[in-house]
Amino acid sequence: MKIEIHLLRFYARVWDPESETNREVPITLTKDQLRAAGLLEMSSKEVISRICKRWGLQLLEAGKAERRTIAFNLDSLWDSLAGGETQGSALDLIEMMGALEGEGQPGNG
């Protein structure tokens, strides 16, 4: 089964109080995340500002979004991660979300 995810990457200009510098930080969101924020009457800039605050940064400018669509095959992905096992362990969604949030943080790749 093929899955497509529509992404928007913002190159946000931020103030880092720890290093006392302005820098650019890439923030990647899915179109679905921004739609959900829209239901709460939040703009993309507000979402990016909240992410920056969580990382200890102050948003100066959100920047313009670069759009991409990624696609992958779930069966191939499963096989590549299973390592030959016929059945994997149950997925812990909270753990997965924590890992995904950590990936986007500056310095965490």
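Details
- Approximate spin-label separation GLU41-LYS53, in nm, with each point projected 7 Å along Cα-to-Cβ: 1.7
- Here is the P(r) of the stretch 26-75: all C-alpha pair distances, binned every 10 Å from 0, give 22, 48, 23, 7, 0 in whole percents.
- Spatially proximal lysines relative to LYS45 (Cα-Cα < 23 Å; intrachain offsets below 8 disregarded): LYS31, LYS53, LYS64
- Largest first, the three principal axis extents of the alpha carbons in the stretch 1-53 are 46, 27, 12 Å in whole numbers.
- Cβ crowding within 10 Å averaged over residues, with 26-36, 66-76 ranked highest first: 26-36, 66-76
- Modelled spin-label separation between ARG23 and ILE3, with each label point placed 7 Å from Cα along the Cα-to-Cβ direction: 3.1 nm.
- The listed residues SER80, SER44, once ranked by accessible area (1.4 Å probe) with the largest placed first, stand as SER80, SER44.
- Solvent-accessible surface of protein heavy atoms, probed at 1.4 angstrom with all chains present, puts TRP78, TRP15, TRP55 in the order TRP78, TRP15, TRP55, largest first.
The values are calculated or read from the model by the stated rules, or taken from the named source; none is laboratory data. Keep in mind the model is a prediction, meaning the values are calculated, not measured. Don't worry about glycine lacking a Cβ; one is built from the backbone with ideal geometry, like all the others, and counts go over all protein chains shown. When the accessible area is computed, the model is the full protein with side chains, heavy atoms only, and any ligands, DNA or RNA have been set aside. Shrake-Rupley method; radii C 1.70, N 1.55, O 1.52, S 1.80 Å.
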